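**Q** One structure, as C-alpha cells, below. Some questions next.
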Amino acid sequence: MSGLHSHSHSHAERKEQAAAWSIVASAVITVGKGVAGFMTGSLALISDAAHSVVDVAATTLTYVAVRTANKPADDKHHYGHGKVESLAALFETALLFILSGAVAYEGIRRLLAGESDITWSWAAIGVLLASIIIDATRWYQLNKVARETRSEALAADALHFSSDLVNSVLVLAAFAAAAYGYPQADSLVAIGVALFIAFAGFRLAKQTLDSLLDTAPAGVTEEIRTAIAAVSGVASVESLKIRAAGPQLFVEVEIGVSRQLPLDRLSAIKEAITEAVHQSRDDAIVTVTATPRALDNETILERVLLIAAKRRVPVHHVTVQTLNGRIAVSLDIEVDGRMSLGSAHIVASRLEAAIRDELGADTEVETHIEPLVTANLEGRDVAAETVADVSSSLARHAKTIGTIKDVHSVRVRGTDHGLIVNYHCRVDPTLDVARVHEKVDELEHLVRSDVPSITRIVSHTEPLRAPA
C-alpha cells in the first residue's frame, strides 16, 4: 500500500510541474504573438495570439484541476476528485469553440470587405519560429507525462499546444503567400485556423464527455474480463463495471464461485483477481464481490453435506440412492444429547425440508438422530486391571476376526458418561476402507459386549507393514 501511495505521489508531482511550466510557456508565446500580430496587422497572427490567450487560461485551469484531482477520497467524494480533470477539459473545449467561432467570423468579414493589408517583418517570423519550438517541446513533454500518469487534463493541454503549433505554421504560410502577392491568404488561413481549432475542440469534447459519462476506455473491458475469467476458482464473471476518474480506473466486478469454497480460498481468489487486473492497469482500484453458485459438477452428497454445514448440524453416514429416477437420502444427524426428543425432531425435520428444497420436493429423506456430547469431558486414568481387561478383549476378538492385526497403544479413560477407549491397529493396505470399517465396527461391538461400561471406542487403523 505504501508503494502504491508513493507511486501516486510521484505522478502527482510530475503532473503539477508539467502544468506549471505550461503556464509559463503559454504566457511567453501569447505576449510574443500579440506584439507581432499588431505590428504586422495579420489577422492570422492576431487570431493565433488570441488562441494563445485561451491557452494561458486553459493551462492555468489545468494546473488548478491537477492539484485538485490529486486530493484523496473523502466522506463526500468516495471516488476521489479525478473528475475535476474532466470538468477542466470540458471548460477548455468550450473556450476552443468560442475562439474558433470568433476567428472564423472575422476572417469571413475581412474577405467580404476586401481587407487584406499585411505588413510582415522578420521579427514576427522570429516570434513564430520561437513559438513553434516552444509548442513542440511542450506538446512532447505534456503528451509524455499525460500517457504515463493517464491525466485527461494534461492530454487536453497537450492538444492546445499541438493546435497552437499548427496555427503558427499556417500563419507562416500566410506570410509567405502575402510576400508573393496573395494577401487574401491571411484571411483564408485564419478561417483554416478556426476550423482546426473547432476540430481539436470536437475531439477533446468527445473524450471529455466519455469520461464524464463513465464510458469505459476502449478495449479495456474485454481485456480485464479475460484476465479475471482466467483466475483459478472463478466460475463466471457475472458483471463488470469500469469507470475512469482522472488518472485512476475503478473496476467493480461480481464473480460466481462454487458455494462450497471456504473463506480463506475465497479471499485468495479475490487477491488473485486484483493482481490480474493490475497486470493490465496498475492504477486500477478493484472491488470484487463473490456470489456463491451451485456448479453443475456438484454431487448430491456434496450438496447434502453443504446444506447440513450451513445449518450447523453435524451429519455422517450419508447414503444416496436413486430409485426409478427418484432420489432417496438417508443420514445420521448429531444433536446435543441433553436435548429433548421433541426439539431434536424439529432440527431433523428442518434439515430434511432444506434437503428437499435443494434436491426436489419428491426426494425421500430419512434421518437418524444420535446424541452428541457438546461439553468437554473430564477424563481420568482408570485402574490398570481395567486397561488390561480392555486390551485383552481387543486382542482376543481381533485374532478371531483375523483382518485386524497388531493391536497396540491402548488407552482407557473414565468419564461421567462411561469409558472411552482409544487404540491403534494395523490392516492389510490393499483392503478398501469400507471393508476395514466393517471389521473395526465388528470388533467394537464384541469388545463392548465384554465391557458394557465402554461408551465409545476410537480406532486408528494403519497399513500393515510388509515383513522385512
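The values are calculated or read from the model by the stated rules, or taken from the named source; none is laboratory data. Just so you know, these numbers come straight off a predicted model, no measurement behind them. Cβ sites come from the backbone with ideal geometry, for glycine too, and all protein chains shown count toward neighbours.
**Q** Take the stretch 335-366 and flag every residue that is crowded, with 16+ Cβ neighbours inside 10 Å and more than 15 Å from residue 303 (Cα to Cα).
**A** Once the filter is applied, which keeps residues that are crowded, with 16+ Cβ neighbours inside 10 Å and more than 15 Å from residue 303 (Cα to Cα), the stretch 335-366 yields 335, 339, 344, 347, 348.
**Q** For residue 108, indicate whether it is at pLDDT 75 or above and surrounded by 13 or more Cβ atoms within 10 Å (Cβ to Cβ). Reasoning before the result, please.
**A** On the way: at pLDDT 75 or above: yes; surrounded by 13 or more Cβ atoms within 10 Å (Cβ to Cβ): yes.
The answer is yes for residue 108.
**Q** Identify the single condition in (1) modelled with pLDDT of 75 or more; (2) closer than 30 Å to residue 96 by Cβ; (3) buried (at least 17 other Cβ atoms within 10 Å of the Cβ) that residue 231 does not satisfy, given that it satisfies every other one.
**A** Of the numbered conditions (1) modelled with pLDDT of 75 or more; (2) closer than 30 Å to residue 96 by Cβ; (3) buried (at least 17 other Cβ atoms within 10 Å of the Cβ), the odd one out for residue 231 is (2).
**Q** Which residue, of 274, 291, is exposed (fewer than 14 other Cβ atoms within 10 Å of the Cβ) and within 16 Å of residue 228 (Cβ to Cβ)? Step through it out loud before you land on a result.
**A** Numbers: 274 fails: exposed (fewer than 14 other Cβ atoms within 10 Å of the Cβ).
On inspection, the qualifying residue turns out to be 291.
**Q** Another question about this same structure. Read through the list (1) more than 23 Å from residue 191 (Cα to Cα); (2) surrounded by 24 or more Cβ atoms within 10 Å (Cβ to Cβ); (3) modelled with pLDDT under 70, then give the number of the only condition that residue 160 fails.
**A** (1)
**Q** Could you list, in sequence order, all residues of the stretch 401-427 that are in contact with a strand residue (DSSP E or B) (Cβ under 8 Å, 6 or more places away or on another chain) and outside any strand (DSSP E or B)?
**A** Of everything in the stretch 401-427, those that are in contact with a strand residue (DSSP E or B) (Cβ under 8 Å, 6 or more places away or on another chain) and outside any strand (DSSP E or B) turn out to be 403, 404, 417.
**Q** Right, another one. Here's a check for you: in the stretch 226-257, which residue that is touching a Leu at 6+ places or on another chain (Cβ under 9 Å) and part of a loop (DSSP other than H, G, I, E, B) is farthest from residue 292 (Cα to Cα)?
**A** Of the residues in the stretch 226-257, the ones touching a Leu at 6+ places or on another chain (Cβ under 9 Å) are 228, 233, 235, 242-243, 251-254, 256-257.
Right, trim to part of a loop (DSSP other than H, G, I, E, B) and you get 233, 235.
Working: 233: 11, 235: 10 Å.
Out of the qualifying residues, it is 233.
**Q** Can you tell me which of 267, 280 is of a type in the set (Ser, Thr, Tyr) and exposed (fewer than 14 other Cβ atoms within 10 Å of the Cβ)?
**A** Numbers: 280 fails: exposed (fewer than 14 other Cβ atoms within 10 Å of the Cβ).
Among 267, 280, only 267 is of a type in the set (Ser, Thr, Tyr) and exposed (fewer than 14 other Cβ atoms within 10 Å of the Cβ).
**Q** Quick one: is residue 435 of a type in the set (Lys, Arg) and either in contact with a His (Cβ under 7 Å, 6 or more places away or on another chain) or not in a strand (DSSP E or B) (or both)?
**A** Working: of a type in the set (Lys, Arg): yes; either in contact with a His (Cβ under 7 Å, 6 or more places away or on another chain) or not in a strand (DSSP E or B) (or both): yes.
When the stated conditions are applied, residue 435 passes them.
**Q** Which is in the same structural domain as residue 329 (by TED's automatic domain parsing), in contact (Cβ under 8 Å) with a residue 24 or more places away in the chain and charged (D, E, K, R), of 259, 311, 265? Don't jump to the end; show me each part of the working.
**A** On the way: 259 fails: in the same structural domain as residue 329 (by TED's automatic domain parsing); 265 fails: in the same structural domain as residue 329 (by TED's automatic domain parsing).
Going through 259, 311, 265 in turn, the sole match is 311.
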